[in-house]
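Let me begin by presenting the structure, written as structure tokens, before commenting on it.
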Amino acid sequence: MKGLLCLLFLWAGLAHGSGMGYDDARHLLARSGFAPTASELDLFAQLSRQQAVDRILSATLTEARVAPPAWVLEPLPPRQEVQAMTQEQRRKFVRETLRKGFELRAWWYQEMLQTSSPLTERMTLFWHNHFVSSLEKVKGPQLMYRQNILLRRYALGNFGELLHAVGRDPAMVVYLDSASNRRGQPNENFARELMELFTLGVGHYTEQDVKEAARAFTGWSLDRTTYAFRFYPFLHDGGEKTVLGRSGNLDGDDVLDVLLAQPATAEFVVTKLWREFVSPQPAATEVKRLAGIFRASHYEIKPVLRALLLSDAFYAKENRAALIKSPVELLVGTARQFHIEGLDPRLYALAGRQLGQDIFAPPNVKGWPGGEDRINSTSLLGRKQIMARIFRAQEMPRNQQADAAAENGGAALGASRMAQLNSGVFDVQRFFAELSGNENARRAQAEKLLLALPPSQPFSGGDGGGRIAFVRHLALDPVYQLK
Amino acid sequence: MLRRDFLGALGLVPLVSALPNLAFAAAPAADYRNLLVLIELKGGNDGLNTLVPYADPNYYRLRPRLGIRREEVLQLDERVGLHPALQALMPLWQNRELAIVQGVGYAQPNLSHFRSIEIWESASASSEYLADGWLARNFKAHPVPAAFAADGVVIGSQDMGPLGGTGSRAIVLNNTQQFMRQARFADDAAAKSKNAALAHILKVEGDIVQAAAGLAGERSFRTEFPQGPFGNALKTAANVVSGKSGVAVVRVTLNGFDTHNGQPNTQQRLLKELAEGLAAFKSAMQEIARWDSTMIMTYAEFGRRPQENGSLGTDHGTANAHFVLGGKVQGGLYGQAPSLSQLEGGNMLHSVDFRRLYATVIEKWWGLDARGVLNGKFPGLDLLRV
């Protein structure tokens, strides 16, 4: 009798309880990574939420798998050498630097396209958007590469360690002017953004705190020839300072520890994680609870993320399809979901820039616009045009010349290259082969796979009503922008 | 507004609107044929090296390396002058079409880029958080005619700034022709959604369709715009204004004013782009007989610290100088130059609340009541020709 009951429970568990099902799996994968493929979904639908989250968290990486361009290890030319260049040499140098910047972006896109751990990429991007630096100011692509390596090493590691490492990161030292922050002549740029954007958030510190913290960071600079971090004691202000009530001969590391000891820091970071993964409206009590977990684990990132991805709020009905994909998520997600292969990865970089997310070059220290600000008239049309181009294929006539000309507004974006987006790399039959049943069943599955909500417009069978026309219709539907 | 509500309560609205002159008295029609062009000097332009108090020894004491030398200043009077890179604005000054408002800021200044621009763009007090931009609020209270292509057009920036907010019909574009061609991807399905993110996207689609219907294609101006993103943005702005239906506002952003480091070259380049771009825009507006119905106004999140820093730059500051120009603008200096001997926390004290600039636009330029929009009485400046 007992054994029979056990068997019954086991059966019930297999049939209902243990697997979280298709909808939850889709939500979890789309939110914690990039848009899933049909086979990824089949696998995760059979796991419980807990199993699925633990599986995602145990698969994270600390290093990129795609080999970087060879030049990342080349030393940067020392400043004197650049200054001594002739005009022609300098032009060449600038061209080379721009080319390398593009190769760097292409490298990261390749990693995002191929990775076995989408969450690692999402978190690396999250920290890039948190501890912002930009090629536009930093110039040396080698330094931005090193920063990316740092961000991915700690992407799911320890926030406190990451913060201390970022303060010494050469790209950051250049980007926020630490290199020119000297005793008697403080430059407040790093100290201010550190408090406002990296740790506490506005309203949790005073102008006096910024001034005093800037003094504590004096002397944090770079070696002039190797561009490695270097502390110059003779440029450091060794006097007494008071930051957020703590006084003493504080140095930069002391200030970082003072900031980490403030409850506002954990709440600030958790609020950003909430907006990244859950919804545009953080729930205050949940933020407090999660911030408590963050602090209790001494700022380990995995436990707080685990709690977030298993929270009721994460799966709540009102938070489904409540977020707008970032341009990178749109591009990489589309490529992964449709198995689009063989495109020059620089095309993704160009497309991302056109849509307002130029990786390695955020617009300012606050990062890229988020939430609804991701969609305005220009960015929405750009998104749709790129989708139309990917799914145009041969059966799609339309005015191709006009499309090519439309790119001329962004000639710098490589108009001719963008036109290659439809160079026959999307294999619609392969995509449908992953689905099962008759044509109608497959189309219904495709719709559920691609869209987080039913489409705002039903497919009317236009453009011949074929599979490509069907997929294009879904990819151009406003709902495709949601996750 | 109160009057209209009162009439509405009495059930008199239909009667009133049947009588043209009375309807006018109840709700004066906004004159949105008067165009506002906002220029955002993003990053916080250094006003002290823009309008230079060259006669004040404190200026050279605070700026031993960064100060603009007296002989280089484009002198406007015996006290102040313009940065030499603003040469292209001098004809407008001499023509008395360029007003410069000094000491613009607000009480309890916030020195964060992001918070301070939010304060500026939402027209809030320092400690007040308002969701919508000041122009979005204005257009909600005083709607732009439905026949207009859009309430406002944003060029050179991805964020809506003062046009951001529920209901505002604002579009972002970089190139008119490209926009017109791509607009076929937008669907005006009039679909609604309870999902806020989806509702936002659907609204943007509708705005695109309407704007595309109202904007003309490229118009050829004889005026040559300066090369570069800002010149291109102003050319796009001129195209938008020349469209067959109107827009009430164009906002153009010029980036790069956060000069913590190596300020002289950067500011020199940016101010030159600004001045030459605006001079070209004036000429284009004259070509289409719109200069007399155009008002250009600059704004930024803050000015910069009077005391230069150690890296040939300046840190975040407070009070700032801003430009207002147009065919109907009464040129000259307005407001009070901030004192360089009486600083607070190293920063200058403001004399003109920035919301007075907005009141100038709403009341004097558009002929509307600004009190509701600005949540208080901020007297407009008398800088228009009567």
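The values are calculated or read from the model by the stated rules, or taken from the named source; none is laboratory data. Being a predicted model, the structure only gives us computed values, none of them experimental. As a convention, Cβ positions derive from the backbone with ideal geometry for all residues, glycine included, and neighbour counts pool all protein chains shown.
Structural remarks
- Unique match (being in a helix (DSSP H, G or I) and either modelled with pLDDT under 85 or under 28 Å from the mean Cα position of the chain (by Cα) (or both)) among A:404, A:452, A:469, A:441: A:404
- Scanning segment B:328-386 for residues that are farther than 22 Å from residue B:295 by Cβ and among the charged types (D, E, K, R) yields one hit, B:344.
- When residues of segment B:149-172 are limited to those that are part of a loop (DSSP other than H, G, I, E, B) and touching a strand residue (DSSP E or B) at 6+ places or on another chain (Cβ under 6 Å), the one nearest to residue B:122 (Cα to Cα): B:160
- Being buried (at least 22 other Cβ atoms within 10 Å of the Cβ), among the β-branched types (Val, Ile, Thr) and without any contact (Cβ under 8 Å) to a residue 60 or more places away in the chain is true of residue A:124.
- For residue A:330: the one exception among (1) at pLDDT below 95; (2) more than 10 Å from every other protein chain (Cβ to nearest Cβ): (1)
- Criterion violated by residue B:203 - all others in (1) at the interface with chain A (Cβ under 9 Å from one of its Cβ atoms); (2) out of contact with any helix residue (DSSP H, G or I) (no Cβ under 9 Å at 6 or more places or on another chain) satisfied: (1)
- Within segment B:152-171, none of the residues are farther than 27 Å from residue A:324 by Cα and either of a type in the set (Gly, Ala, Ser) or not assigned by TED's automatic domain parsing to the domain that holds residue B:255 (or both).
- Scanning segment B:51-80 for residues that are over 27 Å from the mean Cα position of the chain (by Cα), assigned to a loop (DSSP other than H, G, I, E, B) and among the charged types (D, E, K, R) yields B:56, B:63, B:65, B:69, B:78.
- Annotation: of all residues in segment B:190-237 being in a helix (DSSP H, G or I), among the polar types (S, T, N, Q) and within 25 Å of residue B:167 (Cβ to Cβ), the one that is modelled with the lowest pLDDT is B:210.
- Flag for residue B:99 being part of a strand (DSSP E or B), touching a residue at least 40 places away in the same chain (Cβ under 8 Å) and surrounded by 21 or more Cβ atoms within 10 Å (Cβ to Cβ): yes
- Residues that are in contact with a Pro (Cβ under 7 Å, 6 or more places away or on another chain) and either without any contact (Cβ under 8 Å) to a residue 24 or more places away in the chain or buried (at least 19 other Cβ atoms within 10 Å of the Cβ) (or both) within segment A:272-285 comprise just one, A:274.
- Positions within segment A:320-339 being among the β-branched types (Val, Ile, Thr) and surrounded by fewer than 21 Cβ atoms within 10 Å (Cβ to Cβ), in sequence order: none
- Qualifying residue in segment B:107-120 (condition: in contact with a His (Cβ under 7 Å, 6 or more places away or on another chain) and within 25 Å of residue A:209 (Cβ to Cβ)): yes
- Residue A:203 in contact (Cβ under 8 Å) with a residue 12 or more places away in the chain, surrounded by fewer than 18 Cβ atoms within 10 Å (Cβ to Cβ) and facing another protein chain (nearest Cβ under 9 Å): no
- Within the set A:234, A:190, A:198, the sole residue that is within 28 Å of residue A:126 (Cα to Cα), without any contact (Cβ under 8 Å) to a residue 60 or more places away in the chain and either part of a helix (DSSP H, G or I) or not charged (D, E, K, R) (or both) turns out to be A:190.
- Yes/no for residue A:252 being farther than 21 Å from residue A:135 by Cβ, within 14 Å of another protein chain (Cβ to nearest Cβ), buried (at least 16 other Cβ atoms within 10 Å of the Cβ) and modelled with pLDDT of 95 or more: no
- Of all residues in segment B:161-178, those satisfying the criterion of being within 7 Å of chain A (Cβ to nearest Cβ) and either modelled with pLDDT of 90 or more or more than 27 Å from residue B:231 (Cα to Cα) (or both) are B:171, B:172, B:173.
- Every pair of residues 6+ apart whose Cβ atoms lie under 7 Å, when the first sits in segment B:124-140 and is under 12 Å from residue B:374 (Cβ atoms) and assigned by TED's automatic domain parsing to the domain that holds residue B:168 while the second is aromatic (Phe, Trp, Tyr) and surrounded by 15 or more Cβ atoms within 10 Å (Cβ to Cβ): B:134/B:358
- Each residue in segment B:198-224 was checked for being surrounded by 22 or more Cβ atoms within 10 Å (Cβ to Cβ) and touching a Gly at 6+ places or on another chain (Cβ under 8 Å), and 1 of them qualify.
- Criterion: under 20 Å from residue A:352 (Cα atoms) and more than 19 Å from the chain's Cα centre (by Cα) - qualifying residue of A:97, A:115, A:86, A:37: A:97
- Answer from B:237, B:197, B:183 - the residue that is touching a strand residue (DSSP E or B) at 6+ places or on another chain (Cβ under 7 Å), within 25 Å of residue B:135 (Cβ to Cβ) and either among the basic types (Lys, Arg) or within 13 Å of chain A (Cβ to nearest Cβ) (or both): B:197
- Test: residue B:78 is under 27 Å from residue B:330 (Cα atoms), free of Cβ contacts under 8 Å to residues at least 60 places away in the same chain and within 14 Å of another protein chain (Cβ to nearest Cβ): no
- Members of segment B:255-281 that are free of Cβ contacts under 8 Å to residues at least 60 places away in the same chain and either surrounded by fewer than 22 Cβ atoms within 10 Å (Cβ to Cβ) or in a helix (DSSP H, G or I) (or both): B:261, B:262, B:265, B:266, B:273, B:277, B:280
- Filtering segment A:161-180 for residues that are under 29 Å from the mean Cα position of the chain (by Cα), assigned to a loop (DSSP other than H, G, I, E, B), over 27 Å from residue A:64 (Cβ atoms) and not hydrophobic (A, V, I, L, M, F, W, C) leaves a non-empty set.
- Criterion applied to A:191, A:214, A:228 was being under 15 Å from residue B:311 (Cα atoms) and either facing chain B (nearest Cβ under 10 Å) or among the hydrophobic types (A, V, I, L, M, F, W, C) (or both), and the one residue passing it is A:214.
- Looking only at segment B:330-351, residues that are among the hydrophobic types (A, V, I, L, M, F, W, C) and either crowded, with 24+ Cβ neighbours inside 10 Å or within 14 Å of another protein chain (Cβ to nearest Cβ) (or both) come to 2 in all.
- The set of residues from segment B:303-317 being more than 12 Å from chain A (Cβ to nearest Cβ) and touching a strand residue (DSSP E or B) at 6+ places or on another chain (Cβ under 6 Å) comprises just one member, B:303.
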